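Take a look at the structure set out below.
The values are calculated or read from the model by the stated rules, or taken from the named source; none is laboratory data. Just so you know, these numbers come straight off a predicted model, no measurement behind them. Every residue, glycine as well, gets a Cβ built from its backbone with ideal geometry; the counts of neighbours run over all protein chains shown.
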Amino acid sequence: MKRIVSLAFVLVLLSTIVSFIVPGFLRLQIAYASPYIDISVDTAYNMITNGSYPDLVVLDVRTKGEYDSGHIYGAVLIPHTELRARIEELAGHENHEIIVYCRTGVRSAIGSEILDSHNFTKVYNMLGGILSWQSAGYPVRIPEEGDALFWVHWWFWAIIAIGFVAAAGAVYFLRKRKQTMPPSEDTPI
């Protein structure tokens, strides 16, 4: 009788321990699982060009300056440092394929993790970034003088320059006017 009670006690104890340990291991594995998939530039190029992914989003997570120096055709720019704050710009694409890229693949991995944490289900991290893309000979879009984007930037800086010239001119004329005005009776000498 003592053996049966002892055996029953040991079984209950083991099942209790297992019920606490096994789910803990499963949670640990799930927490570190990464649903995004690393892909080569060849795979990315095929996904972009073969027409099988009509809702495909190509996401560039580099800086604006890097993007302007050359990017994949049709890429959307959201720097990885702004991705959490601007995630709503990708609303509606949670279940569409998204290829994420940067310069070498480091920031795109960070961006892919951010998308995963916001329940995007088909995230692809392009290994090697745009440097590997260019090394493979794939096309890169570089804004030219005829592009609307170029002229928007040009007009922006032109307006800024005109504003600075106008402000400097106003300061110059106000100083000149102050120097040439005779002192009034109210002005202390």
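At-a-glance table
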| item | result |
| --- | --- |
| Residues of the stretch 129-142 satisfying the condition of being crowded, with 17+ Cβ neighbours inside 10 Å and either without any contact (Cβ under 8 Å) to a residue 24 or more places away in the chain or touching a helix residue (DSSP H, G or I) at 6+ places or on another chain (Cβ under 6 Å) (or both) | Ser132, Trp133, Tyr138 |
| Long-range neighbours under 6 Å by Cβ, at least six apart or interchain, first residue under 20 Å from Leu131 (Cβ atoms) within the stretch 50-78, second β-branched (Val, Ile, Thr) and loosely packed, with under 11 Cβ neighbours inside 10 Å | Gly70/Ile142 |
| Scope the stretch 48-69; condition outside any strand (DSSP E or B) and under 18 Å from Val106 (Cα atoms); matching residues | Val61, Arg62, Thr63, Lys64, Gly65, Glu66, Tyr67 |
| Any hit, the stretch 29-44, residues being under 27 Å from Glu144 (Cβ atoms), at pLDDT below 95 and out of contact with any Leu (no Cβ under 9 Å at 6 or more places or on another chain) | no |
| Failed item in (1) modelled with pLDDT of 95 or more; (2) within 16 Å of the chain's Cα centre (by Cα), with Leu131 passing the rest | (2) |
| Checking Glu113 against (1) part of a helix (DSSP H, G or I); (2) at pLDDT below 80, the condition it does not meet | (2) |
| The stretch 79-103 - residue that is in contact (Cβ under 8 Å) with a residue 40 or more places away in the chain and either among the polar types (S, T, N, Q) or buried (at least 21 other Cβ atoms within 10 Å of the Cβ) (or both) and, of those, farthest from Thr49 (Cα to Cα) | Cys102 |
| Residue satisfying all of: in the stretch 37-87; among the β-branched types (Val, Ile, Thr) and under 12 Å from Met126 (Cβ atoms); farthest from the chain's Cα centre (by Cα) among these | Thr43 |
| Subset of the stretch 79-93 (residues that are in a helix (DSSP H, G or I) and among the β-branched types (Val, Ile, Thr)) | Ile87 |
| So Ile99, is it modelled with pLDDT of 95 or more and either outside any strand (DSSP E or B) or out of contact with any helix residue (DSSP H, G or I) (no Cβ under 7 Å at 6 or more places or on another chain) (or both) | no |
| Residue list for the stretch 104-123, filter: under 17 Å from Thr43 (Cα atoms) and not polar (S, T, N, Q) | Gly105, Ala109, Lys122, Val123 |
